[in-house]
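Engineer: Please read through the structure below; I'll follow up with questions.
The values are calculated or read from the model by the stated rules, or taken from the named source; none is laboratory data. Quick caveat, the model's predicted, so the values are computed rather than measured. Note that we place each Cβ from the backbone using ideal geometry, even for glycine, and neighbour counts take in every protein chain shown. Quick note on the areas: whole protein, heavy atoms, side chains included, nothing else; ligands and nucleic acids left out. Shrake-Rupley method; radii C 1.70, N 1.55, O 1.52, S 1.80 Å.
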Amino acid sequence: MIAVDLEEERKEILRRYRRLLRKAKPFLKDNDAKLIKKAFNLSVEAHKEMRRKSGEPYIFHPLAVAEICVEEIGLGTTSIIAALLHDVVEDTEVELDEIKESFGPKVAKIIDGLTKISGVFEHGSSQQAENFRKMLLTLSEDVRVILVKLADRLHNMRTLGSMPRHKQLKIISETIYLYSPLAHRLGLYAIKSELEDLWLKYTEPEVYQDLVAKIAESKSSRSRFIKSFMNPIVDELDRTGFKYEVKGRPKSIYSIWNKMKKQNIPFEEVYDLFAVRIILDTTYDQEKAACWQVYSIVTDFYTPNPDRLRDWVSTPKANGYESLHTTVMSRAGRWVEVQIRTQRMNDIAEKGYAAHWKYKDGMNPTHESGLESWIQKVRDMLEQNDTSAIEFVDDFRSNLFNEEVFVFTPKGDLKILPSGATALDFAFDIHTEIGAKCLGAKVNNRLVPLNYQLKNGDQIEILTSNKQRPNEDWLRFVATSKAKSKIKETLKESKKQAAVDGKEIVQRKLKQMKVPFDGDVANQLRAYFEEKTVTDFYYKVGRGLIDPSHIKNFKDFKKERQKSLRVKNKEHEYSDDFKKIEDPGKDILLIGEDMDVLDYKYAKCCNPIPGDDVFGFITVNEGIKIHRTTCPNAPELLSRHGNRIVKAKWMSQQQNAFLAVLRIIGTDRVGLMRDVTDIISNELKVNMQSISIDTETGIFDGQIRLYVNSTKHLDQLITKLEKVTGVMRVTRHDSREFS
Ligand code: MN
């Protein structure tokens, strides 16, 4: 047994506690320090007999979690208290009521949530679903539950070394599956990267150590490179009077590893190992101008790759990330990513939303209240059913739990459907008959249409009617293949029946007209009514879409009609073909959540053309109409008939292209690179995504990622490139893994 110096340990605990207080101090007000002390004392007392696997006193853990909350996430007093007490209810004798009494209902609720979450993954798969749901519902009460949990997880990952292997494996797989995407969604990039790196460290220890060593090895040459790269920029920044800081941090080990794996290349070939970050010290109202001014300085010295410009300064990412990224060609012939941002943006990038709100409220004294309002906002968004306002959190949840949605029958039975499933999917899931007669549904006692998208925790009662029957539109309302195939089946069935009915009606009508019925006449009728097939014609008569009384008109006009129709049909066909040949690069319009190619018409009120920002509107009689988002009718359509709006987006042929990777090997000469890129971008109009070139020892070895429309296109390109003087070999790499 190892002798423990208890006195020394007690001192260490106090040292750590004081360090926490020191870090939290700027945010504290009134009674806060007292409350934190009370929580600390309760936690020390409750955990006093416990030790961590490493042998340390258990209290080190809650203290560290609280410190992460303050320092790395930017949370305040409520979270510090919750962090200090986070394991108390689960692992010790202390009851939740006790905490509620001493620290109020808010802290108690967070701790209750944290205790519940720790059960996620604990049980078998059916239990898992239920736990996910609980976690979601808890999350919607207070986001701090998730933030404190992330801090807890981060500390556990940092101290994973002393855990037995099977526990390590469980913890790391949860981390990569659940916690790092969670951190990403919340904009906590620093925590996300660290979690991923730690995941790799314990998943592939040798690979990880190897990468750490290689990054360390290349450190001095990297700093030399950055120094010479930044030299002219720094001079100019100084001359212009900017206050700034330059960082040349390598990318995370995990992201380098990921790149190596995806592109199947060794460490040495990962060309964007690091990014140069320029962090500006400027006032809030000068931010945007300053960032672009620095961009202008950088690109005065180095040529930017226009495809790699990312402006998250003008439009921040949904999770709050702001930064201006550009990739420029250095004099050493390597692409370098330069990130330009202000101190504030950098804080947000590393600490996420909590930092965002700190800045929003400006000064420190209101820190907790700023955070309060953020949490309130997230909660409001979660509670609102209005989808337009949801964005951030909804995105967060659907991305995290994008596979399934958990809902309940009126009796409380759990049903698991794919995410995106609607009330109609649910109805078909219960029974085909119920699906086929589905009129609508009551979700949590509120009446909703049958295309209502289910949310986790919804309780659904299906309303049916005997008069109801499936129609074509329904296919757009369902996400499950079960519902889709059942709807198609019934449609086919009823179409068949309608065609049989229609044929009978036609035959009766002809008999009245004294026209003998045969295949020829049927076909002439089809042509007269301009239908594609005879069955289509019968079907429309059967459904009443063609008025049978019009059949008698056919008799009089049938001869001339027949002739002109034939000509007309031919012309029609030719012009179709002609269009296809003439305009191979025509943009296509993708519609709906799944971005399908569907039939549509242009709205006459705003006449959209390809490239316009558009949306689809489901009309009663004319299918989908496409409107511009700037259409004068748009506000009304969008606000009053939201359920009939479908997404629509132009897809240019170029975007439709696929990514290919070419490797070019040759003898290096002046201008070779320019000749190669000229062919790619000017002559063949190919869109290059990136290019990396090594010209060691006179050998030109380049890798180009580009978009091509077809393999034929690619072959053409290869042939052309092979003709460039100096090029010896052009080969295509497998690009399956590229995103
Ligand atoms: Mn813990």
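Engineer: Go through the stretch 335-351 and give me each residue that's in contact with a helix residue (DSSP H, G or I) (Cβ under 8 Å, 6 or more places away or on another chain) and either in a loop (DSSP other than H, G, I, E, B) or farther than 21 Å from L309 by Cβ (or both).
Structural biologist: R344, D347, E350, K351
Engineer: I've got another one for you. Condition first: more than 32 Å from the chain's Cα centre (by Cα) and open to solvent by 60 Å² or more (accessible area, probe 1.4 Å). Can you find one or more residues in the stretch 449-461 that meet it? So that I can check it myself, show each step before the final result.
Structural biologist: Of the residues in the stretch 449-461, the ones more than 32 Å from the chain's Cα centre (by Cα) are none.
No, the conditions are met nowhere in the stretch 449-461.
Engineer: Consider the stretch 161-173. How many of its residues are open to solvent by less than 20 Å² (accessible area, probe 1.4 Å) and within 13 Å of the ligand (Cβ to nearest atom)?
Structural biologist: Of the residues in the stretch 161-173, 0 are open to solvent by less than 20 Å² (accessible area, probe 1.4 Å) and within 13 Å of the ligand (Cβ to nearest atom).
Engineer: OK, next. Which residue out of R476, R526, R469 is surrounded by 17 or more Cβ atoms within 10 Å (Cβ to Cβ) and within 23 Å of G420 (Cα to Cα)? Write out each step before concluding.
Structural biologist: Details: R526 fails: within 23 Å of G420 (Cα to Cα); R469 fails: surrounded by 17 or more Cβ atoms within 10 Å (Cβ to Cβ).
Residue meeting the stated conditions: R476.
Engineer: For residues that are touching a residue at least 40 places away in the same chain (Cβ under 8 Å) and in a loop (DSSP other than H, G, I, E, B), scanning just the stretch 453-472, find the one that is nearest to K488 (Cα to Cα).
Structural biologist: L454
Engineer: Strands (runs of 3 or more DSSP E) wholly in the stretch 601-710 with at least 2 residues that are modelled with pLDDT of 75 or more - which ones?
Structural biologist: Per the criteria, 614-618, 624-628, 645-651, 658-667, 699-708.
Engineer: Looking at (1) assigned to a helix (DSSP H, G or I); (2) open to solvent by 10 Å² or more (accessible area, probe 1.4 Å); (3) within 13 Å of the ligand (Cβ to nearest atom), which is the only condition E98 fails?
Structural biologist: All conditions are met except number (3).
Engineer: Looking only at helices (runs of 4 or more DSSP H) that fall completely inside the stretch 1-71, which ones have 1 or more residues that are of a type in the set (A, V, I, L, M, F, W, C) and within 14 Å of the ligand (Cβ to nearest atom)? Quick ask: steps written out before the conclusion?
Structural biologist: Details: elements: 6-24, 32-46, 60-68.
Qualifying helices (runs of 4 or more DSSP H): 32-46, 60-68.
Engineer: Which residue, of L114, L154, L150, L137, is at pLDDT below 85, assigned to a helix (DSSP H, G or I) and either open to solvent by less than 20 Å² (accessible area, probe 1.4 Å) or within 15 Å of the ligand (Cβ to nearest atom) (or both)?
Structural biologist: So the residue among L114, L154, L150, L137 that is at pLDDT below 85, assigned to a helix (DSSP H, G or I) and either open to solvent by less than 20 Å² (accessible area, probe 1.4 Å) or within 15 Å of the ligand (Cβ to nearest atom) (or both) is L114.
Engineer: Next up: If L182 satisfies all but one of (1) crowded, with 17+ Cβ neighbours inside 10 Å; (2) without any contact (Cβ under 8 Å) to a residue 12 or more places away in the chain, what's the number of the condition it fails?
Structural biologist: The number of the failed condition is (2).
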